[in-house]
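Working notes, beginning with the structure itself.
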Amino acid sequence: MAEVVTETRLPRAAPLAVKRIAIVPAFNEEESVPAVIEEIRAFDPDFEVVVVDDGSTDSTAGAARELGAHVVRLPFNLGIGGAVQTGFRYAFEHGFELAVRVDGDGQHDPAQLGLLLGPILADEADIAIGSRFRETPGESESYRSSRTRRLGISILAWTVSLLVRRRITDPTSGFQAMNRKAIALFAADYPHDYPEVEAALMVHKHELRMTEVPVQMRERAAGQSSIGALASVYYMVKVMLALFVGLFRKNVTPLEETK
Amino acid sequence: MTPLVVSIVAAIASVVLILVVLELIRSRRLRERYALLWLLTGVVLLALSLWRSGLNTIAGWVGIETYPPAVLFAVGALFVLLVLLHYSTVISKLHDQNTVLAQRLALLEQQLRERG
């Protein structure tokens, strides 16, 4: 009879029952990570949170653990690509069906997660990407950024749009939601260093459904941007090269479900 | 002036270098990060091979009067040195990371043993 008792817990409405996780990559973000975790829970308490501490030298991991988040600590800094992929692997291995990425620096506002989750829960897209440059009706451009950075982003947006043959306005955005199909792909293969632009091409080549959703991003709450002046030049050259070569690359098989 | 044959051979060699590097990236045997210097080497050598009057001018600047193609060798050698130096720093970083990994693994193993 004991088994029957455990069965009596009310099943939730279908979309609510989806096992969901928020992946929070963080590198020396002890000041902003706690707020990010709390905001994710405020949006939806059913979100599990995994903080990927990318070799921080401050108390990022401790601060996240204090709030009861899962913390995966990398033994040294892998860069954003390696850190985020660690999160995808975690999500894949623990059977999550839905994952969102919210950066630990606070620039992604968890209150807007609903916009990203919509297309995924409705099964209209495999991956939804929050764009700063797709204007919401009645609102003008709100994201402040240096002119060179905006120029860099437009060049990348133009190139990626050409390659994937559809309009992508914000290819560098890391504010994303995805279903298990996309999690399995990214767990198997994810670009290094600064991954988002190349990931967009990967998603296209694997014929996953991608959609852009207008979002607003905040100024960084604390810490330093990961991209300086010299790094920006490297970033542009590296990404353009990766995009060009990526066109001719063989696709990696997504991770298989082991059952 | 640089003999035409030398220019042609040098240009072909540079193009082959660029293509080999691109193929290595495509087949995932070389990461973009470590390919950039090689590609720069190929592009600079290709430019110097094709731009024959430029090669002469540069040869004049550095005091090579008899045989301008020597500049190609010099530039090629310089870039190989740069690549090697870059790789030395990469190996040093990998060495450090490897140490950290071995230490983490040993500490975890010790923890597991004492618990089990």
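The values are calculated or read from the model by the stated rules, or taken from the named source; none is laboratory data. Since this is a predicted model, take the numbers as computed values, not measurements. Here the Cβ is made from the backbone with ideal geometry for all residues, glycine too, and neighbour counts use every protein chain on show.
Of all residues in region A:190-218, how many are without any contact (Cβ under 8 Å) to a residue 24 or more places away in the chain and not hydrophobic (A, V, I, L, M, F, W, C)?
Final tally of qualifying residues: 1.
Condition first: in a helix (DSSP H, G or I) and either within 15 Å of the chain's Cα centre (by Cα) or of a type outside the set (F, W, Y) (or both). Can you find one or more residues in region A:204-221 that meet it?
yes
Evaluate the following for A:V203: is it β-branched (V, I, T), farther than 17 Å from B:R31 by Cα and in contact with a strand residue (DSSP E or B) (Cβ under 8 Å, 6 or more places away or on another chain)? Outline the logic, then answer.
Working: β-branched (V, I, T): yes; farther than 17 Å from B:R31 by Cα: yes; in contact with a strand residue (DSSP E or B) (Cβ under 8 Å, 6 or more places away or on another chain): yes.
So A:V203 passes the test.
Consider A:D46 against the criteria (1) at pLDDT 95 or above; (2) more than 18 Å from A:N28 (Cα to Cα): it satisfies all of them except one. Which criterion is unmet?
(1)
For region A:48-64, what are the residues that are touching a residue at least 40 places away in the same chain (Cβ under 8 Å) and either surrounded by fewer than 21 Cβ atoms within 10 Å (Cβ to Cβ) or closer than 17 Å to A:A91 by Cβ (or both)?
Scanning region A:48-64 gives A:E48, A:V50, A:V51, A:A64.
Would you pick out the residues in region A:181-203 that are touching a Lys or Arg at 6+ places or on another chain (Cβ under 8 Å) and either on the phi > 0 side of the Ramachandran plot or modelled with pLDDT of 95 or more (or both)?
Scanning region A:181-203 gives A:A187, A:D193.
Which one of A:M178, A:M217, A:M236 is out of contact with any strand residue (DSSP E or B) (no Cβ under 7 Å at 6 or more places or on another chain), buried (at least 21 other Cβ atoms within 10 Å of the Cβ) and either within 14 Å of chain B (Cβ to nearest Cβ) or modelled with pLDDT of 90 or more (or both)?
Matching residue, one of A:M178, A:M217, A:M236: A:M217.
Could you figure out which of (1) modelled with pLDDT of 95 or more; (2) out of contact with any helix residue (DSSP H, G or I) (no Cβ under 6 Å at 6 or more places or on another chain) isn't true of A:V4?
The failed condition is (1).
Any residue in region A:244-259 that's among the hydrophobic types (A, V, I, L, M, F, W, C) and surrounded by fewer than 16 Cβ atoms within 10 Å (Cβ to Cβ): show its pairings with residues that are at pLDDT 90 or above and part of a helix (DSSP H, G or I) at Cβ separation under 6 Å, as long as the two are six or more apart or on different chains.
A:F248/B:R26; A:V252/A:A188
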